[in-house]
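Asks: Here it is: the structure, laid out below.
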Amino acid sequence: QSGAPKPAASGKQGNVLPLWGNEKTMNLNPMILTNILSSPYFKVQLYELKTYHEVVDEIYFKVTHVEPWEKGSRKTAGQTGMCGGVRGVGTGGIVSTAFCLLYKLFTLKLTRKQVMGLITHTDSPYIRALGFMYIRYTQPPTDLWDWFESFLDDEEDLDVKAGGGCIMTIGEMLRSFLTKLEWFSTLFPRIPVPVQKTIDQQIKSRPRKIKKDGKEGMEEIDRHVERRRSRSPRRSISPRRSPRRSRSRSHHREGHGSSSFDRELERERERQRLEREAKEREKERRRSRSTDRTLERRRSRSRDRYRSRSRSRDRKGDRRDRDREREKENERSRKKERDYDKERGSEREKDRSRERSKERKSKGDTEERRHKDDKDDKKHRDDKRDSKKERKHSRSRSRERKHRSRSRSKNTGKRSRSRSKEKSSKHKNESKE
């Protein structure tokens, strides 16, 4: 079993890695994802990290285990069945920095070259562990064997448990990734059954390198022992960080694998060393530039202050002159407004007097008209009264005439009667005589 780390079969066409499964959640447990997105560490501190190298440095300084939750932050006692802590659907807790940085790597959309840089990193086993975990979560299940095969015998140690006490090698961790779905209190993406069968067969048929009495040898391990060792990590009391975690290449990793793999690792180490040197040079340049810039800024600030003072004095003088000019202009405009108001006032008075005279004339005309109308009404009334009186007088005269005529007719009748009586009496008298 020799050869350099094989790239994924589905990704031979270029440097772009395919993403398998959900491209937004990275196939993480929903509770872990919600805790990551709501954690202040991810929202505030990791938001400022924009490049791949900054995230790698953050992993080196902050990651001490690869559990999804911090120690003592989850209470899963008494939970059984589907709500158990192993299933990852119980009560949440404080999500670990390792998983926050893992999701940060996912947001950067790593290339094949960057993932290779993670899993072959020489500074920290936790950088390599997060690289392998990134592959386990995001790569197609058919490509996992090609990614992990060359590292199944890697003997670099790391403490994967929060709080310490569970040391395993990189090879044991990768065997656990390939054969078990559970990882502490969460689940990996499910591998299809046919793919899982082929992976199990390849692991069983593959000889494993072990150490005996300080010498390395090849030995075929029994099926049950192999299964037990790959599924149950060995536990021992140890410090949180591996004593072999250093910025230099671990000596126990050299000599494993074939010459092509060693050449690949050598190239990767050389490339990382050159990158570090370039970073150091860039930092030195920035420091020198920053010192020069600070001195130049101080000088320019002092010049600017002197210029600003002189400019402020000139501006003050200019402002005073402008204020005086404005005052004069305002005074002139006020005088013009006053004169205009006076002219307008006189014109208004004239208009008012004209209106008053017109009103008086109109009032006199109306009064004369009213007087004439009153006279006419009086005359009409008097005429009516006179006509009525005349009518009454004429009527009374006619009545008197009638009465007189009646009285005269009566008197004449009486007289005639008396005369006739007298004549008859005379006649009687004469006849008697």
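Asks: Out of L118, L108, L101, L130, report the one residue that is open to solvent by 10 Å² or more (accessible area, probe 1.4 Å), modelled with pLDDT of 90 or more and closer than 24 Å to K62 by Cβ. Walk me through it before giving the result.
Replies: Details: L118 fails: open to solvent by 10 Å² or more (accessible area, probe 1.4 Å); L101 fails: open to solvent by 10 Å² or more (accessible area, probe 1.4 Å); L130 fails: open to solvent by 10 Å² or more (accessible area, probe 1.4 Å).
Step by step, each of L118, L108, L101, L130 is checked, and only L108 is open to solvent by 10 Å² or more (accessible area, probe 1.4 Å), modelled with pLDDT of 90 or more and closer than 24 Å to K62 by Cβ.
Asks: For a quick check of your reading of the model, give me the residue pairs whose first member lies in the stretch 94-111 and is more than 15 Å from P68 (Cβ to Cβ) and in a helix (DSSP H, G or I), whose second is of a type in the set (D, E, K, R) and at pLDDT below 90, with beta-carbon atoms closer than 7 Å and at least 6 apart or on different chains.
Replies: Note: no pairs meet the criteria.
Asks: Please name all residue pairs, on different chains or six or more residues apart, with Cβ atoms under 9 Å, provided the first residue is in the stretch 183-194 and is touching a residue at least 24 places away in the same chain (Cβ under 8 Å) and on the phi > 0 side of the Ramachandran plot and the second residue is part of a loop (DSSP other than H, G, I, E, B) and open to solvent by 50 Å² or more (accessible area, probe 1.4 Å).
Replies: F184/V86; F184/K161
Asks: Here's a check for you: in the stretch 15-33, which residue that is surrounded by fewer than 15 Cβ atoms within 10 Å (Cβ to Cβ) and in contact with a strand residue (DSSP E or B) (Cβ under 9 Å, 6 or more places away or on another chain) is modelled with the lowest pLDDT?
Replies: N15
Asks: For the stretch 409-433, give me each residue that is surrounded by 10 or more Cβ atoms within 10 Å (Cβ to Cβ) and hydroxyl-bearing (S, T, Y).
Replies: Scanning the stretch 409-433 gives S409, T412, S416, S418, S420, S424, S425.
Asks: Does the stretch 254-305 hold any residues that are polar (S, T, N, Q) and either modelled with pLDDT of 75 or more or outside any helix (DSSP H, G or I) (or both), and which are they? Spell out the reasoning first.
Replies: Here is the first cut: in the stretch 254-305, the residues polar (S, T, N, Q) are 258-260, 272, 288, 290-291, 294, 300, 302.
Hits for the stretch 254-305 are S258, Q272, S288, S290, T291, T294, S300, S302.
Asks: Additional query: So which of S362, S308 is within 46 Å of the chain's Cα centre (by Cα) and open to solvent by less than 100 Å² (accessible area, probe 1.4 Å)?
Replies: Numbers: S362 fails: within 46 Å of the chain's Cα centre (by Cα).
Step by step, each of S362, S308 is checked, and only S308 is within 46 Å of the chain's Cα centre (by Cα) and open to solvent by less than 100 Å² (accessible area, probe 1.4 Å).
Asks: Could I ask something else about it? What are the residues in the stretch 34-72 that are without any contact (Cβ under 8 Å) to a residue 60 or more places away in the chain, charged (D, E, K, R) and either open to solvent by less than 40 Å² (accessible area, probe 1.4 Å) or over 26 Å from D123 (Cα atoms) (or both), if any?
Replies: Result: K43, E58.
Asks: Out of (1) under 21 Å from Y60 (Cα atoms); (2) open to solvent by 10 Å² or more (accessible area, probe 1.4 Å); (3) modelled with pLDDT of 90 or more, what's the single condition that is false for D146?
Replies: Unmet condition: (1).
The values are calculated or read from the model by the stated rules, or taken from the named source; none is laboratory data. Since the model is a prediction, treat every value here as computed from it, not as a measurement. Virtual Cβ from ideal backbone geometry, glycine too; neighbours counted across all protein chains shown. Side chains included, ligands, DNA and RNA excluded: accessible areas come from the protein's heavy atoms. Shrake-Rupley method; radii C 1.70, N 1.55, O 1.52, S 1.80 Å.
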